[in-house]
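Chemist: My questions all concern the structure below.
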Amino acid sequence: MNLAEGMDPFLRNIPKAELHIHIEGSLEPELMFELAARNNIKLPFASVDEVRRAYEFTDLQSFLDIYYKGACVLLHEQDFYDMTWAYLRRVYLQNVRHTEIFFDPQTHTDRGVAFETVITGIHRALVDAEQQLGMTSKLIMCFLRHLSAAAALETLRQALPFKHWIVAVGLDSSEHGHPPEKFVEVFDQARAAGFMTVAHAGEEGPPGYIWQALDLLKVSRIDHGVRCTEDQRLVERLVEEQIPLTVCPLSNVKLCVFESIESHNLKRLLDLGLCVTVNSDDPAYFGGYINENFLAALEGLNLSHDEICRLVKNSFQASFLSTNEKQKLVDELDSFVSQQIH
Ligand code: ADE
Ligand code: ZN
């Protein structure tokens, strides 16, 4: 089912950027089965329908357990290419102009897949998307926070020969019990090597993890960050410094961070003056790509077209594009909006 079919043309056609998407989380069950057959891998599911039925999560960990199993079908460069290309084509049709994509090298290197295999396949798809679809992109390498700090340092070492293909490092996986402070050294080294930094914080974890991400990891953006509202001083700082939050509404509902889309705090965050953006996180697992996330927010929270424009403009400004590139996207947005009125 494609929720966004027949959706509000304004939402469908407005140019967008996506800043929080795990490429492994874009692996649709159909492609998972295709790759399993191609690579002679037996999946613990009998059919595509059975996979989809298994996507009932109670929290972040219950999702991650299935997500890491799904990634086991990825072995060869072409597999990483096919997964990335499928995502890019799909969001191209949703009018995404620019995307900043996470990848989790440790999910693959721990299974014996070479770092080079992973990044070469993903990168080749990104180049094709720019040439064939005119979509720009950046790649963000995440460290798995449930693994050790030493393992993250080793991953950074493996990434250095491909530094020119990676704009930033990030931090994902199980948040509880794995605070940002665990990764100070690797983030210090990453910044010294020229990478920007981001981190998942305040998705399930406490506001203190957001403070740590800002003060210890020196992040440019917070991924999720929805629990910031539990700390008034933190909200004031995020507003004052206009630190972007990459919010993922459908993900938060699927992982029971919020009970329903209607009770999501996205609109409250916007009203507080925070630099909020809308993203899909793991679209194959959470019931929608970026347009379905916008649609859910629009309908569930009664957002106005003005608020949608603010969210989109925030994502352009919060991206790792150059000032000129950002301005081009903002100009395109302004011209789209003025065409709606006249
Ligand atoms: N990896 C993929 N999706 C994630 C999420 N929502 N939170 C943390 N790690 C993730
Ligand atoms: Zn995420």
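The values are calculated or read from the model by the stated rules, or taken from the named source; none is laboratory data. Because the structure is a prediction, the values reported are computed rather than measured. Neighbour counts are summed over all protein chains in view; Cβ atoms, including those assigned to glycine, are modelled from backbone coordinates with ideal geometry.
Chemist: As an exercise: evaluate HIS164 against (1) touching an Asp or Glu at 6+ places or on another chain (Cβ under 7 Å); (2) part of a helix (DSSP H, G or I); (3) of a type outside the set (S, T, N, Q) and give the number of the one condition it does not meet.
Modeler: So the condition that HIS164 fails would be (1).
Chemist: Would the stretch 329-339 turn up any residue that is in a loop (DSSP other than H, G, I, E, B) and either among the small types (Gly, Ala, Ser) or within 22 Å of ILE222 (Cα to Cα) (or both)?
Modeler: So the first thing to find is which residues in the stretch 329-339 are in a loop (DSSP other than H, G, I, E, B), and the list is none.
No: zero hits.
Chemist: Let me ask something else. Specify the residue that is surrounded by the most Cβ atoms within 10 Å (Cβ to Cβ); the eligible residues are those in the stretch 99-113 that are without any contact (Cβ under 8 Å) to a residue 40 or more places away in the chain and either among the small types (Gly, Ala, Ser) or assigned to a helix (DSSP H, G or I) (or both). Quick ask: steps written out before the conclusion?
Modeler: The initial filter retains those residues of the stretch 99-113 that are without any contact (Cβ under 8 Å) to a residue 40 or more places away in the chain, namely 108, 110-113.
Of the ones still in play, those that are also either among the small types (Gly, Ala, Ser) or assigned to a helix (DSSP H, G or I) (or both) are 108, 112.
Numbers: HIS108: 22, GLY112: 7.
Step by step, filter the stretch 99-113, then rank; the result is HIS108.
Chemist: I need the full set of residues from the stretch 164-179 which are away from ligand 1 (no atom under 12 Å from the Cβ) and surrounded by 15 or more Cβ atoms within 10 Å (Cβ to Cβ), in order please.
Modeler: Within the stretch 164-179, the subset away from ligand 1 (no atom under 12 Å from the Cβ) is 164-169, 177, 179.
Once the filter is applied, which keeps residues that are away from ligand 1 (no atom under 12 Å from the Cβ) and surrounded by 15 or more Cβ atoms within 10 Å (Cβ to Cβ), the stretch 164-179 yields TRP165, ILE166, VAL167, ALA168, VAL169, PRO179.
Chemist: Output the residues belonging to the stretch 201-223 that are among the basic types (Lys, Arg) and more than 15 Å from ligand 2 (Cβ to nearest atom). Even if it seems obvious, please write down each step before you answer.
Modeler: Step one: filter the stretch 201-223 for residues among the basic types (Lys, Arg), giving 218, 221.
Result: LYS218, single match.
Chemist: Here is a further query. Given the criterion within 16 Å of ligand 2 (Cβ to nearest atom) and farther than 29 Å from GLN158 by Cα, identify the matching residue among VAL198, VAL226. Break it down stepwise before answering.
Modeler: Numbers: VAL198 fails: farther than 29 Å from GLN158 by Cα.
From the options VAL198, VAL226, the qualifying one is VAL226.
Chemist: Ok, one more. What are the residues in the stretch 178-206 that are part of a helix (DSSP H, G or I) and either among the basic types (Lys, Arg) or more than 14 Å from PHE143 (Cα to Cα) (or both), if any? So that I can check it myself, show each step before the final result.
Modeler: Keep residues of the stretch 178-206 that are part of a helix (DSSP H, G or I), which gives 180-192.
LYS182, ARG191, ALA192 - these are the residues of the stretch 178-206 that are part of a helix (DSSP H, G or I) and either among the basic types (Lys, Arg) or more than 14 Å from PHE143 (Cα to Cα) (or both).
Chemist: Another question, then. Test PHE45 against the stated conditions and say whether it is away from ligand 1 (no atom under 16 Å from the Cβ), over 20 Å from the mean Cα position of the chain (by Cα), in a helix (DSSP H, G or I) and surrounded by 14 or more Cβ atoms within 10 Å (Cβ to Cβ). Break it down stepwise before answering.
Modeler: Details: away from ligand 1 (no atom under 16 Å from the Cβ): yes; over 20 Å from the mean Cα position of the chain (by Cα): yes; in a helix (DSSP H, G or I): no; surrounded by 14 or more Cβ atoms within 10 Å (Cβ to Cβ): yes.
No; evaluated as a whole, the condition is false for this residue.
Chemist: Look at GLU116 and say whether it is in a helix (DSSP H, G or I), within 24 Å of SER26 (Cα to Cα) and either more than 19 Å from the chain's Cα centre (by Cα) or among the acidic types (Asp, Glu) (or both). Break it down into steps so the answer makes sense when it comes.
Modeler: Details: in a helix (DSSP H, G or I): yes; within 24 Å of SER26 (Cα to Cα): yes; either more than 19 Å from the chain's Cα centre (by Cα) or among the acidic types (Asp, Glu) (or both): yes.
So GLU116 fits the description; yes.
Per-residue answers, yes or no, for (1) within 16 Å of ligand 2 (Cβ to nearest atom); (2) assigned to a helix (DSSP H, G or I); (3) in contact (Cβ under 8 Å) with a residue 40 or more places away in the chain:
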{"position": "TYR68", "(1), (2), (3)": "yes, yes, no"}
{"position": "PHE80", "(1), (2), (3)": "no, yes, yes"}
{"position": "LEU88", "(1), (2), (3)": "no, yes, yes"}
{"position": "ARG97", "(1), (2), (3)": "no, no, yes"}
{"position": "ILE122", "(1), (2), (3)": "no, yes, yes"}
{"position": "SER137", "(1), (2), (3)": "no, no, yes"}
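Chemist: So in the stretch 232-248, with the set limited to residues that are in contact with a Cys (Cβ under 8 Å, 6 or more places away or on another chain) and surrounded by 22 or more Cβ atoms within 10 Å (Cβ to Cβ), which one is farthest from ALA318 (Cα to Cα)?
Modeler: Among them, the one singled out is LEU238.
Chemist: Hey, can you tell me all the residues within the stretch 12-42 that are of a type outside the set (Asp, Glu), within 16 Å of ligand 1 (Cβ to nearest atom) and assigned to a loop (DSSP other than H, G, I, E, B)?
Modeler: Initially, the stretch 12-42 is screened for residues of a type outside the set (Asp, Glu), giving 12-17, 19-23, 25-27, 29, 31-33, 35-42.
From what is left, the residues that are within 16 Å of ligand 1 (Cβ to nearest atom) are 19-23, 25-27, 32.
LEU27 - this is the single residue of the stretch 12-42 that is of a type outside the set (Asp, Glu), within 16 Å of ligand 1 (Cβ to nearest atom) and assigned to a loop (DSSP other than H, G, I, E, B).
Chemist: Right, something else. Suppose the filter is under 24 Å from TRP85 (Cα atoms) and buried (at least 19 other Cβ atoms within 10 Å of the Cβ); does ASP128 pass it?
Modeler: Details: under 24 Å from TRP85 (Cα atoms): yes; buried (at least 19 other Cβ atoms within 10 Å of the Cβ): no.
No; evaluated as a whole, the condition is false for this residue.
Chemist: State the number of residues belonging to the stretch 234-258 that are over 13 Å from the mean Cα position of the chain (by Cα), on the phi < 0 side of the Ramachandran plot and within 16 Å of ligand 1 (Cβ to nearest atom).
Modeler: Summing the residues that are over 13 Å from the mean Cα position of the chain (by Cα), on the phi < 0 side of the Ramachandran plot and within 16 Å of ligand 1 (Cβ to nearest atom) in the stretch 234-258 gives 5.
Chemist: So is PRO161 crowded, with 17+ Cβ neighbours inside 10 Å and at pLDDT 95 or above or not? Before you say what the answer is, go through the steps one by one.
Modeler: Values: crowded, with 17+ Cβ neighbours inside 10 Å: no; at pLDDT 95 or above: yes.
No, not satisfied.
Chemist: Follow-up question, since we're still on this one. If a residue must be on the phi > 0 side of the Ramachandran plot and more than 16 Å from ligand 1 (Cβ to nearest atom), how many such residues does the stretch 180-233 contain? Talk me through it step by step, then tell me what you get.
Modeler: At the first step, the residues of the stretch 180-233 found to be on the phi > 0 side of the Ramachandran plot are 194, 202, 218, 224-225.
Subset that is more than 16 Å from ligand 1 (Cβ to nearest atom): 194, 218.
Adding up the residues that qualify gives 2.
Chemist: Also, I was wondering about something else. Would you mind telling me which numbered condition in (1) within 18 Å of ASP282 (Cβ to Cβ); (2) more than 20 Å from the chain's Cα centre (by Cα); (3) assigned to a helix (DSSP H, G or I); (4) not polar (S, T, N, Q) PHE63 fails?
Modeler: So the condition that PHE63 fails would be (2).
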